[in-house]
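Heads up: the structure comes next, in C-alpha cells.
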2 protein chains.
Amino acid sequence: MSKAQAARGMRDFLPADVRRRQYVIGVIADVYERYGFEPLETPAVENLETLLGKYGEEGNQLIFKILKRGDQASSGEADLALRYDLTVPLARVVAEHRRQLPRFFKRYQVQPVWRADRPARGRFREFYQCDVDAVGSRAMTVEAELLGAASEVLVRLGFADFTIRLNHRQVLGAALATSGVPEALHGTTLVALDKLDKIGRDGVARELRSRGVPDKAAEPVLDLFTAAGPDMVSGDVVARLRGAVAGHQAGAQGLAELEEILALVGSTPAAGRVRIDPSLARGLSYYTGSIMEVVVSDLAGSLAGGGRYDGLIGMFLGEEVPACGISLGLERILVVMGERGMFPPEAARPPADVMVAIFDAAGVTDALALAATLRRGAGGAGLRVDVYPEPDKIGKQFKHAASRGMPFVALSGEAERAAGTVAVKDMTAGTQDAVARDKAAAFILAKFGEKLGTSRG
Amino acid sequence: MSKAQAARGMRDFLPADVRRRQYVIGVIADVYERYGFEPLETPAVENLETLLGKYGEEGNQLIFKILKRGDQASSGEADLALRYDLTVPLARVVAEHRRQLPRFFKRYQVQPVWRADRPARGRFREFYQCDVDAVGSRAMTVEAELLGAASEVLVRLGFADFTIRLNHRQVLGAALATSGVPEALHGTTLVALDKLDKIGRDGVARELRSRGVPDKAAEPVLDLFTAAGPDMVSGDVVARLRGAVAGHQAGAQGLAELEEILALVGSTPAAGRVRIDPSLARGLSYYTGSIMEVVVSDLAGSLAGGGRYDGLIGMFLGEEVPACGISLGLERILVVMGERGMFPPEAARPPADVMVAIFDAAGVTDALALAATLRRGAGGAGLRVDVYPEPDKIGKQFKHAASRGMPFVALSGEAERAAGTVAVKDMTAGTQDAVARDKAAAFILAKFGEKLGTSRG
C-alpha cells in the first residue's frame, strides 16, 4: 500500500479552498485587466541554466532540480528546474518572443512557484505568485500605474489599512558609496540589510562584518536604515536623503524618480498610501531602480513587493529592455483574509443548487432526465444540479443533501411521475411543494431570487 | 548571456493563447459545476512513491523525477516527482482526506501534468488535463452523468460530430480468458491491443508474441478486436459479446453494466452518441470496469478518455472505494478548435478597451487621472484602460494603439484640459468626438453597445 501523503510543504486545495482562491484570483485578474495588463503563462519547468545565477547564492540553493532522463538518468545530474519566481521566466519570454510582443508589453501572471525552503507555518514549497509587470518603458508612469493597480486590488479585496514603502536602488547605492561600502559589496550588503526586521541592528552588523564590510562603513548605513521610523513623513525623508546622496549623480537621479512617483500616484488608487522609506532594501539581486513593498500594520512581512529591473531581460537578450513589476503574495493575502473574516458570501458555495434524489430503481432514468431539465433551467439561467448516484433510503438521501449544504432537493417518485410533477423541498425553510415538472426550474430560481445573496455565487 | 529558450517540449502561452485556453476551460468548468462537480487542486509535485507502480512500466519511465536537496543533493537520487496525471493524485487525496470528504465526492480538476515523452507535433512534455471524477458509488448513474457532462462540454464548445466508444474491462477479461490468455498476461495483452490503431493487427500480433501470449490465444482475441467495425450497431455488438463472455460471470456482469449505461445515457446529452466497441482497450493499468473514449471521425486519437477504477484508491487507503472518471484532452481540443475556426469572438479581445494617450510631459498626471475615471466607468460598468507610458509623438501613440487593436483612444491635451473635455477617437470608424470629461466613460460604453459583440469580451 502506498503512503497517502502529499509531499512535504505542498498542499491539496479541497473545494472550499479552491473557491476562496478563485475568488481572490478573480478580483486580481479583473483589476489587472482593467489596467490594460494581459495574461501570460509560462511552463512550470525551465532549463536549469535559465534560473541559475539570477536569484543570488541563497536563491540558487532553493531551486528544485529535475533529473536527466533516458540514457542519462543514471548520471544523477539535473538539466531542468522548477520555476522559482515569475520574473525570470518573463524576462526569458520577452527575449525569446521579442518580435511577437509589442514594444510596451504589460502582462499579469498567476501561477505557482516552487522553493526548496524548510517548510514552516505559512511557508510552503509550492505557492502562487500574482505578478504584474510592464516591459519597455523607463517612465515613472509605469511605477505609478503598477502601484495604482496593486492598491486597487487590495482595496477591492477589503484591505483598508495598507501602506506602500518605496525606495530606490540608486539611492541605496549612493548611500552605500558615500558611507564607504566598496561597490563589489553593495549586493551582499543589501541582502544583509533586508534582514533588519528579522535579526535587528546588531544581527545585521554582525552579518555585514562577516561579509567583509568594514565597521566604519557599516555604521552610517545602519544609522540611515534605523533612523527613519515609520512616523517620518516623506518630505522629511526626502530632505534627509538629499543630504545622503549629495554629489552622487545616480543617487540624485534615483531620488528625483522617487519624488516623481510620489507626485504621480496622487492620481491613482495608491494616493496617500506611499511613503519613502530609506530602510527598504529588498533581497533580490536583479533590482536596479525603484523598489516597493506593501505592508499592513499588524502583519510581519509584506503583502506585495516589487521594483524595477532594467538589466534582467538584457541577461537573456543581450540588449537592455527596461521593466518594472509588483508581485502580490497570494498565500499571505489568503491567510489574512481568512483570519479577518474578509471573504464575501460568494467565495463559498454549496456543491450544487439542487440535489435530485432517486426514489427507486425504476426512477433512475427519470431522475437523470429531471436533472437535465433543471440544468437547462428557465429564461437563460440554469441550475447547478447534483444527482444522488443510487437508489437508497430517502431519509439517507436528504441527510446527505443537508450535510452537503444543498439548498434544494427535487424528488420524482411514482406519484409525481404519474401526475407530471416534482416535489421540491426547500432545505433552509423546511417547506415542500409539488410543482409542475416543466415549471420546477423557474420555481427554484424564483426562490433563489427571494433569498438573494445567500447561496448562489 | 543565458540562452532565452523555453525547455524542450514546454510552451509559453502568450496573451492570445491564454485567452483561448481560458475560454475553453471556462466552458468546461461551467458545465462541470452544473453537474454538481466541485473544483480540486493538488500540488504539481508528489512523493515519487505515490506515482511509481501506478501507470505500468512504460509510464514509470516517463515520470520527471526531482533531485533530493540539501545534504543529500550530491547523492543524485530523487524522492519527488512531477504529477503524471490527475487520477492518481485524486486517489491519494481521497485516501488522505477521507474524513473531510463526503461519501460521494464529485470533483473536477484542470491542471497541467508532465511526461518525459519525446516531444513531437502536438505532443508536449507539459500539458493540461481536465478531469472529472465521481468517487464512492458503483452505480452506472455515475457513468451516465459523466458521459452526459463530457458530451455537454463538447456540444457547448461546438463539436457536433463526436462518438463515444464504450467497453468494459470485465468483458475484455472474459474475452481474453475464454480465448486462453493466461490471467497474468491480461494487463500486458491490453497494453498491446491498445496500439491496434497505430501498429495494426500484424504489429499487435508480433507484440503479443514477444510478450509471451501464445498465438493460439492471440488469434481469437484479435478476431474479436478487428471484427467489430465502426458501422456495427450496438445491438449486434451486444449479441456478439454475449457469445464471447458466455459462462464467465464477471464478463456477463460487465456486459449487463454496458447495457445499463446505454439505457441511462438516453436521458443525458450523450444520448445517441454511445457505441459499444469491443476493440476499445485503453492503455492504463488501473481500470477495472467500464472504459470510454470520445472520438471525432476526422481525427486520429481521442478527445477524451476514461473509465472506472475501483481498485486505485484502495492502493492508498487499504479499503476499496469505487471511482470513475473522464479526462478531456484540452490540448487536442484546442488544436481542433483552432483548425476548424471554432473559437467565438469572445475568446479574443484587445489588451484594453481604451488607450489614454499622453499629450506632453505636463499632461502625465492628468492622463493617469483620466484613466482612473474611465476605469471607474459609468452605471456600474467600467472600462479596461491602458495608458501610453511616456510623452511621445501623438502619431506614434495612435500607431501603437492601432497595432494593438485598441478600439478607442482618449486624449486630453492642453485645449481639452482647459475646456474640461476629452477627445475620444473611435479607431474602427475613424471618427473623433469632444466629450465632457465626466461623460467620456458613458460615451465609450454607449459606442460599445452600438457595435455589440465586436470587441468587448
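The values are calculated or read from the model by the stated rules, or taken from the named source; none is laboratory data. Just so it is clear, the structure is predicted and the values come from calculations on it, not from any experiment. Cβ placement follows ideal geometry from the backbone for every residue including glycine, while neighbour counts extend to all protein chains displayed.
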Legend entry - Checking B:LEU383 against (1) surrounded by 13 or more Cβ atoms within 10 Å (Cβ to Cβ); (2) more than 43 Å from the chain's Cα centre (by Cα); (3) among the aliphatic types (A, V, I, L, M), the condition it does not meet: (2)
Inset, instruction - Mind listing just one residue for me: the one in region A:155-199 that is β-branched (Val, Ile, Thr) and not in a strand (DSSP E or B) and, of those, modelled with the highest pLDDT? - result: A:VAL155
Legend entry - Residue that is nearest to B:THR87 (Cα to Cα) [pool: residues in region B:135-190 that are surrounded by fewer than 21 Cβ atoms within 10 Å (Cβ to Cβ) and among the β-branched types (Val, Ile, Thr)]: B:THR188
Inset, instruction - State all residues of region B:81-111 that are buried (at least 21 other Cβ atoms within 10 Å of the Cβ), under 19 Å from the mean Cα position of the chain (by Cα) and not hydrophobic (A, V, I, L, M, F, W, C); if no residue qualifies, say none. - result: B:ARG83, B:TYR84, B:THR87, B:PRO89, B:LYS106, B:ARG107, B:TYR108, B:GLN109
Inset, instruction - Return a yes/no flag: does region A:250-266 have any residue that is buried (at least 23 other Cβ atoms within 10 Å of the Cβ), within 14 Å of chain B (Cβ to nearest Cβ) and under 30 Å from A:PRO112 (Cβ atoms). - result: no
Legend entry - Candidates A:LEU166, A:LEU82, A:LEU146, filtered to the one that is under 13 Å from A:ILE28 (Cα atoms) and either touching a strand residue (DSSP E or B) at 6+ places or on another chain (Cβ under 7 Å) or in the same structural domain as A:GLU319 (by TED's automatic domain parsing) (or both): A:LEU146
Legend entry - Residue in region B:414-433 that is under 24 Å from A:ILE261 (Cα atoms) and part of a strand (DSSP E or B) present: no
Legend entry - Evaluation of B:GLY380 against (1) at positive phi; (2) touching a Pro at 6+ places or on another chain (Cβ under 8 Å) (one fails), failing number: (2)
Inset, instruction - Report, ordered by the first and then the second residue, all pairs with beta carbons closer than 6 Å, sequence separation of six or more or different chains, a first member in region A:385-409 that is hydroxyl-bearing (Ser, Thr, Tyr), and a second member that is surrounded by 19 or more Cβ atoms within 10 Å (Cβ to Cβ). - result: A:TYR388/A:ALA357; A:TYR388/A:ILE358; A:TYR388/A:GLN397
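Would you mention how many residues in region B:373-385 are within 8 Å of chain A (Cβ to nearest Cβ) and either in contact with a strand residue (DSSP E or B) (Cβ under 8 Å, 6 or more places away or on another chain) or in a helix (DSSP H, G or I) (or both)?
First, pick out the residues of region B:373-385 that are within 8 Å of chain A (Cβ to nearest Cβ): B:375, B:382-385.
Retained after the next criterion (residues that are either in contact with a strand residue (DSSP E or B) (Cβ under 8 Å, 6 or more places away or on another chain) or in a helix (DSSP H, G or I) (or both)): B:375, B:383-385.
The qualifying residues number 4.
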Legend entry - Selection status of A:PHE37, modelled with pLDDT of 95 or more and more than 30 Å from B:ASP353 (Cα to Cα): no
Inset, instruction - Residue by residue through region A:386-413, note down the ones that are within 37 Å of the chain's Cα centre (by Cα), buried (at least 16 other Cβ atoms within 10 Å of the Cβ) and outside any loop (DSSP other than H, G, I, E, B). - result: A:ASP386, A:VAL387, A:HIS400, A:ALA401, A:PHE408
Inset, instruction - Looking only at region A:354-365, count how many residues are facing chain B (nearest Cβ under 9 Å), out of contact with any strand residue (DSSP E or B) (no Cβ under 6 Å at 6 or more places or on another chain) and crowded, with 19+ Cβ neighbours inside 10 Å. - result: 2
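Can you confirm whether region B:129-151 contains a residue that is at pLDDT below 95 and more than 10 Å from every other protein chain (Cβ to nearest Cβ)?
Scanning region B:129-151 turns up no residue that is at pLDDT below 95 and more than 10 Å from every other protein chain (Cβ to nearest Cβ).
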Inset, instruction - Would you mind stating whether B:LEU370 is more than 34 Å from the chain's Cα centre (by Cα), touching a residue at least 60 places away in the same chain (Cβ under 8 Å) and facing chain A (nearest Cβ under 9 Å)? - result: yes
Inset, instruction - Give the residue that is farthest from the other protein chains (Cβ to nearest Cβ), with candidates limited to residues of region B:57-80 that are under 23 Å from the mean Cα position of the chain (by Cα) and either surrounded by 15 or more Cβ atoms within 10 Å (Cβ to Cβ) or small (Gly, Ala, Ser) (or both). - result: B:GLY59
Legend entry - For A:ALA205: the one exception among (1) outside any loop (DSSP other than H, G, I, E, B); (2) of a type in the set (A, V, I, L, M); (3) more than 34 Å from the chain's Cα centre (by Cα): (3)
Inset, instruction - Mind listing whichever residues of region B:81-113 are of a type in the set (A, V, I, L, M, F, W, C), touching a residue at least 40 places away in the same chain (Cβ under 8 Å) and facing chain A (nearest Cβ under 7 Å)? - result: B:VAL93, B:ALA95
Legend entry - In region A:39-56, the residues that are at the interface with chain B (Cβ under 7 Å from one of its Cβ atoms) and not in a helix (DSSP H, G or I): A:PRO39, A:LEU40, A:GLU41, A:THR42, A:PRO43, A:ALA44, A:VAL45, A:GLU46, A:ASN47
Inset, instruction - Enumerate the pairs (first residue in region B:287-314 and in the same structural domain as B:VAL171 (by TED's automatic domain parsing) and farther than 18 Å from B:GLN129 by Cα; second residue anywhere and outside any loop (DSSP other than H, G, I, E, B) and of a type in the set (Asp, Glu)) with beta-carbon separation below 8 Å, excluding pairs fewer than 6 apart on the same chain, so at least 6 apart or on different chains. - result: B:GLY289/B:GLU257; B:SER290/B:GLU143; B:SER290/B:GLU257; B:ALA300/B:ASP197
Legend entry - Failed criterion for A:GLY59 (all others in (1) in contact with a helix residue (DSSP H, G or I) (Cβ under 8 Å, 6 or more places away or on another chain); (2) in a helix (DSSP H, G or I); (3) within 19 Å of A:ARG118 (Cα to Cα) hold): (1)
Inset, instruction - Evaluate region B:36-47: report whether one residue or more is buried (at least 16 other Cβ atoms within 10 Å of the Cβ) and without any contact (Cβ under 8 Å) to a residue 24 or more places away in the chain. - result: no
Inset, instruction - Can you tell me which residue within region A:1-11, out of those that are free of Cβ contacts under 8 Å to residues at least 24 places away in the same chain and either among the polar types (S, T, N, Q) or buried (at least 18 other Cβ atoms within 10 Å of the Cβ) (or both), is nearest to the other protein chains (Cβ to nearest Cβ)? - result: A:ALA4
Inset, instruction - Can you tell me which residue within region A:44-71, out of those that are touching an Asp or Glu at 6+ places or on another chain (Cβ under 8 Å) and more than 15 Å from B:SER75 (Cα to Cα), is modelled with the lowest pLDDT? - result: A:TYR55
Legend entry - Failed condition for B:GLY36, given (1) assigned to a helix (DSSP H, G or I); (2) at the interface with chain A (Cβ under 9 Å from one of its Cβ atoms): (1)
Inset, instruction - Could you list all residues from region A:317-329 that are more than 16 Å from A:ARG169 (Cβ to Cβ) and at pLDDT 95 or above? - result: A:VAL321, A:SER327, A:LEU328
Legend entry - Filter pass, A:GLU331 being in the same structural domain as A:LYS439 (by TED's automatic domain parsing) and either farther than 18 Å from A:PHE443 by Cα or touching a Pro at 6+ places or on another chain (Cβ under 7 Å) (or both): no
